[in-house]
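Trainee: Quick one: the structure is below, and I'll ask about it shortly.
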Amino acid sequence: MKRKNNMKVRIQKKIGTSTLFFEVEAEKEVEVLNKTAGFTTIPEMCGLCKSTEIVLDSNRAEGYVFVKIKCLKCNARSQMGQLKEGGIFWKEWEKYIPKDKKTKQFNN
């Protein structure tokens, strides 16, 4: 039985002071390009204060993994979303403003 060759795309992306390398693979060209699109739109600067002092961050809660880009200057965040059929996208930037130590709130 002959094995199908999947298409692979390698992506290099700078996030703040870190350079990350991603590899996306899929059977069809259109699938790999669809999955690659979200990596090419990873923010390179804060969408609110325009600072390049950003980091990739994540946390786990209730069985889910949340990945986000966090601005070290203004504390804004852009959270990653996942598409059901594969691939990722980045949500709008929100600024984290704590009302007090018990209540947390995000504002645009």
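The values are calculated or read from the model by the stated rules, or taken from the named source; none is laboratory data. Please read these numbers as outputs of a predicted model, since none were measured by experiment. Cβ placement follows ideal geometry from the backbone for every residue including glycine, while neighbour counts extend to all protein chains displayed.
Trainee: Inspect all residues belonging to the stretch 17-26 and state whether any of them is of a type in the set (Asp, Glu) and in a loop (DSSP other than H, G, I, E, B). First the steps, then the outcome.
Mentor: First, the residues of the stretch 17-26 that are of a type in the set (Asp, Glu): 23, 25.
If we keep only those that are in a loop (DSSP other than H, G, I, E, B) too, we end up with none.
Looking through the stretch 17-26, none of the residues is of a type in the set (Asp, Glu) and in a loop (DSSP other than H, G, I, E, B).
Trainee: Can you pull out the residues in the stretch 35-75 that are under 11 Å from the mean Cα position of the chain (by Cα) and of a type in the set (D, E, K, R)?
Mentor: GLU44, ASP57, LYS68, LYS70 - these are the residues of the stretch 35-75 that are under 11 Å from the mean Cα position of the chain (by Cα) and of a type in the set (D, E, K, R).
Trainee: Which of the residues that make up the stretch 2-28 are over 16 Å from the mean Cα position of the chain (by Cα), surrounded by 14 or more Cβ atoms within 10 Å (Cβ to Cβ) and farther than 17 Å from GLN82 by Cβ?
Mentor: MET7, VAL9
Trainee: While we're on this one: Among (1) surrounded by fewer than 16 Cβ atoms within 10 Å (Cβ to Cβ); (2) out of contact with any Phe, Trp or Tyr (no Cβ under 8 Å at 6 or more places or on another chain), which single condition is SER58 missing?
Mentor: (2)
Trainee: Consider the stretch 85-104. How many of its residues are without any contact (Cβ under 8 Å) to a residue 24 or more places away in the chain and outside any loop (DSSP other than H, G, I, E, B)?
Mentor: So the count comes out to 2.
Trainee: Here's something else I'd like to know. Conditions first: (1) charged (D, E, K, R); (2) surrounded by 13 or more Cβ atoms within 10 Å (Cβ to Cβ); (3) over 13 Å from the mean Cα position of the chain (by Cα); (4) assigned to a strand (DSSP E or B). GLU31 passes all but one, so which condition is the exception?
Mentor: Unmet for GLU31, out of (1) charged (D, E, K, R); (2) surrounded by 13 or more Cβ atoms within 10 Å (Cβ to Cβ); (3) over 13 Å from the mean Cα position of the chain (by Cα); (4) assigned to a strand (DSSP E or B): (4).
Trainee: For the stretch 72-90, state whether one or more residues are out of contact with any strand residue (DSSP E or B) (no Cβ under 9 Å at 6 or more places or on another chain), at pLDDT 95 or above and not aromatic (Phe, Trp, Tyr).
Mentor: The answer is no, given that none of the residues of the stretch 72-90 is out of contact with any strand residue (DSSP E or B) (no Cβ under 9 Å at 6 or more places or on another chain), at pLDDT 95 or above and not aromatic (Phe, Trp, Tyr).
Trainee: Show the residue pairs that are 6+ apart or on different chains and have beta-carbon atoms under 8 Å apart, the first residue being within the stretch 64-84 and buried (at least 17 other Cβ atoms within 10 Å of the Cβ), the second being in a loop (DSSP other than H, G, I, E, B) and of a type in the set (Val, Ile, Thr).
Mentor: From the stretch 64-84, the pairs are ILE69/ILE42.
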